[in-house]
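Here the structure comes first, spelled out in structure tokens, and everything after it is commentary.
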Amino acid sequence: MTVTFVTTNPGKVNEAREYLAEPVEQLDFDTPEIQSADLGAIAAHKARAAYEHAGEPVFVDDAGLFVEAFDGFPGPFSSYVHDTVGVERVWRLTGEEDDRAASFRGVVAYCDGDDFEATPEPVDREDRRGQDRSADERAAATTDERVRTDDGDLSVKLFYGVVPGEIVAPRGDGGFGYDPIFEYDDRTFAEMDPDEKNAVSHRGRALAKFADWLAERDTAE
Ligand SMILES: O=c1[nH]c(=O)c2ncn([C@@H]3O[C@H](COP(=O)(O)OP(=O)(O)OP(=O)(O)O)[C@@H](O)[C@H]3O)c2[nH]1
């Protein structure tokens with residue numbers, strides 16, 4: 001069964017194609033985004049709007065780069081900061097800090113008009129530095145998947161992924177966005193092949209949960 005990924009970002013689509021067993025079709029539609037510090041809320045809103053636009057089952061992705069020295073900024077504003085400030089200057093700003101720790105965080109959100117039941121799963125707590133996290137980060141780190149329904153809204157299934165790393169001077173020419181300045185285990189994401197990045201990235205982790213859930217659902221049907 002083909003799954004429709006509603007996104008304007010071809011880099012995200014390439015990664016989803018690497019990951020999901022099903023063929024992935026891109027619907028290039030700029031879904032309206034609410035302003036919120038909570039990626040899950042943004043992704044859920046995006047998924048509902050995408051479903052209403054497409055009229056068929058869809059998934060969306062909302063992601064961002066969270067720099068610890070800046071209390072998580074640019075976070076949910078990563079796309080805007082990428083297009084205005086740019087990657088090089090994000091590196092230069094962070095380079096002035098002693099603490100260059102950061103994480104990529106992402107949520108894949110699926111909506112097909114059905115109501116879903118929440119099925120909490122074991123905690124995935126990879127955090128190299130073991131530091132205290134913000135409430136939003138803790139919530140995401142302790143929740144593999146959850147269902148989001150606000151009163152009267154379509155229900156949306158959310159799959160979370162987080163990867164801790166460090167901001168470094170740009171290296172590598174693969175990937176997209178902030179990949180050249182995000183280092184994980186001595187290599188930037190832009191220095192990794194797509195399958196290497198997917199194996200550890202926020203999106204890869206979220207897509208893995210989504211893929212498992214799709215497979216289970218298809219077996220149950
Ligand atoms: O180097 C990166 N490697 C990644 O793996 C990654 N994932 C997200 N991002 C950046 O974070 C923002 C997301 O914004 P975002 O979720 O609103 O997406 P977007 O506006 O690009 O597309 P859409 O899916 O909303 O249409 C954008 O600036 C992306 O460049 C990444 N950068």
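Values in this text are rule-based calculations from the coordinates and carry no lab data. Keep in mind it's a predicted model, so treat the numbers as computed, not measured. Neighbour counts run over all protein chains shown; Cβ positions are idealised from the backbone, glycine included.
Can you tell me the mean projection area, over all orientations, of the convex hull of region 3-73's alpha carbons? Units nm², please. Numbers along the way, then the final one.
Details: hull surface 20.9 nm².
Taking a quarter of the hull surface, the average projection is 5.2 nm².
With θ set to phi - 60°, apply the Karplus curve 6.51 cos²θ - 1.76 cosθ + 1.60 along region 208-216 and write out the HN-Hα couplings as whole Hz, x wherever there is a Gly or Pro.
Result, ordered by residue: 4, 5, 4, 4, 4, 5, 4, 5, 4 Hz.
Using per-residue counts of other Cβ atoms within 10 Å, averaged over each peptide, order 184-193, 20-29, 98-107 from highest down. It would help to have the intermediate numbers written out before the result.
Numbers: 184-193: 17.3, 20-29: 14.6, 98-107: 21.4.
The densest-packed peptide leads the list: 98-107, 184-193, 20-29.
Over all Cα pairs of the chain, how is the pair count split among 10 Å bins, expressed in % and running from 0 up to the last occupied bin?
Answer for the chain: a P(r) of 8, 36, 38, 16, 3, 0 percent.
Positive end of the charge dipole of the chain (Lys, Arg +1 and Asp, Glu -1 on Cβ, about the Cα centre): tell me which of Trp91, Ser103, Leu214 has its Cα farthest that way.
The residue sitting most towards the positive pole is Trp91.
Through the Karplus equation 6.51 cos²θ - 1.76 cosθ + 1.60, θ set to phi - 60°, convert the phi angles of region 58-69 into ³J(HN,Hα) values in whole Hz; use x for Gly and Pro.
With the stated coefficients, region 58-69 comes to 9, 10, 10, 9, 10, 9, x, 9, 10, 8, 5, 5 Hz.
Residue by residue, what Karplus-based ³J(HN,Hα) values in Hz, rounded to whole numbers, does region 28-38 have, using 6.51, -1.76 and 1.60 with θ = phi - 60° and x for Gly and Pro?
In residue order, the calculated couplings are 7, 9, 7, 5, x, 10, 6, 8, 7, 8, 10 Hz.
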